1. If the only charges are +1 at each Lys and Arg Cβ and -1 at each Asp and Glu Cβ, what is the size of the charge dipole of segment 1-70 around the Cα centre, to the nearest 20 debye?
2. Relative contact order of segment 49-89, please, whole-number percent, based on alpha carbon pairs below 8 angstrom and at least 6 residues apart.
3. Note the full-extension length gain between Gln39 and Lys75 as 0.36 nm times their separation in residues minus their Cα-Cα distance, in nm to one decimal.
4. In debye, nearest 20, what is the charge dipole magnitude of the chain about its Cα centre with +1 on Lys and Arg Cβ and -1 on Asp and Glu Cβ, if you could check?
5. Roughly how many Å² is the accessible area per residue of the chain, as a whole number, for a 1.4 Å probe?
6. Among Thr104, Thr57, Thr90, whose mean-square fluctuation peaks in a Gaussian network model of the chain (Cα, cutoff 10 Å)?
7. Quick one: if you stick a label point 7 Å off each Cα along the C-beta vector at Asp28 and Asp61, how many nm between them?
8. Springs between alpha-carbon pairs under 10 angstrom, Gaussian network model over the chain: which of Arg71, Arg45, Arg105 fluctuates most?
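The values are calculated or read from the model by the stated rules, or taken from the named source; none is laboratory data. Given the structure is predicted, the values throughout are model-derived calculations rather than measurements. Virtual Cβ from ideal backbone geometry, glycine too; neighbours counted across all protein chains shown. Ligands, DNA and RNA are stripped out before the accessible areas are found, and what is left, the full protein with its side chains, is counted by its heavy atoms. Shrake-Rupley method; radii C 1.70, N 1.55, O 1.52, S 1.80 Å.
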Amino acid sequence: QVHLVESGGGLVQPGGSLKLSCAASGSDVSIIAMGWYRQAPGKERELVASVNSGGSTTYTDSAKGRFTISRDNAKNTVFLQMNSLKPDDTAVYYCNVHALVGLTRYLEVWGQGTLVTVSS
């Protein structure tokens, strides 16, 4: 099994910054891709940013220019640096990992979620 530890959420004022982290651990695990999703009350969960094993990144339009996803491959950790935060960014943010366990088992794993609240 792949275990995720997610942290970094909190309360921040509009225009502020926050950095989320998600660390994946497990034996014989190869991370294929990592990403961040968010879900606000009454809204569908949406992909915010992702990074694959080759380093290619994807951002939702609302995050471009404000958010940056990065990886620490040695620690199997993904970060989401969020700048210029807006109230619309308020949501529970979930780490998502696609991984291979051993050589053949493919897993999609979700973190427990961390709440980001942007409010003055």
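1. Working: 6 positive and 5 negative charges, 50 e Å.
The dipole of segment 1-70 has a size of about 240 debye.
2. On the way: 40 pairs, mean separation 12.2, N = 41.
RCO, segment 49-89: 30 percent.
3. Numbers: separation 36, 0.36 × 36 = 12.96 nm, distance 2.63 nm.
Length gained, Gln39 through Lys75: 10.3 nm.
4. Details: 10 positive and 9 negative charges, 32 e Å.
About 160 debye.
5. On the way: 6400 Å² over 120 residues.
On a per-residue basis, the chain sits at 53 Å².
6. Thr104
7. For Asp28 paired with Asp61, the spin-label model returns 4.5 nm.
8. Arg105
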